[in-house]
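The values are calculated or read from the model by the stated rules, or taken from the named source; none is laboratory data. Computed from a prediction, not measured in an experiment: that's the story for all the values here. With ideal geometry, Cβ positions are generated from the backbone for all residues, glycine too; neighbour counts draw on all protein chains shown.
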Amino acid sequence: MLIALSLMMTVAAADPARANPILEDGLSRLAGTLGAVHYLRTLCRPSEGQQWRNKMLDILSSNDIDQASRNALIGAFNAGYSRQQSAHSRCTAAAANLGNTYARQGAQQARQLAGRLGS
């Protein structure tokens with residue numbers, strides 16, 4: 001997982017949003033996934049604190065993106081968070097498992113974005 005998070009920072013630093021709309025879409029999906037993970041992990045693993053939100057802030061601060069793109073990424077993060085908040089009001093086994101699933105998906109999305117940058 002730590003490798004994938006490092007890849008996210010590489011993706012963010014390369015500013016894919018300006019380079020390619022496909023990558024911008026990928027970053028938007030990653031932002032939504034981070035929002036979902038943030039809610040679920042805060043619910044079920046409060047010891048992680050603001051880790052996932054902070055990863056999103058790192059992505060936003062690592063990019064020289066225009067305000068519209070920044071707002072879209074923030075909106076995607078908030079939508080991912082809100083969807084999970086609507087579905088899970090307390091930590092259950094299903095919510096904890098879903099948080100793990102989203103974390104794995106986020107790692108995969110980051111690897112895919114990094115791979116696109118390399119091609």
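Assorted remarks:
- Looking across region 80-98, just one residue is within 18 Å of Q109 (Cβ to Cβ) and loosely packed, with under 15 Cβ neighbours inside 10 Å, and that is R83.
- Test result for S86, farther than 19 Å from P21 by Cβ, in a helix (DSSP H, G or I), among the hydroxyl-bearing types (S, T, Y) and out of contact with any Gly (no Cβ under 9 Å at 6 or more places or on another chain): yes
- Residue within region 56-65 that is closer than 17 Å to C91 by Cβ, out of contact with any Phe, Trp or Tyr (no Cβ under 9 Å at 6 or more places or on another chain), at pLDDT below 90 and not in a helix (DSSP H, G or I) present: no
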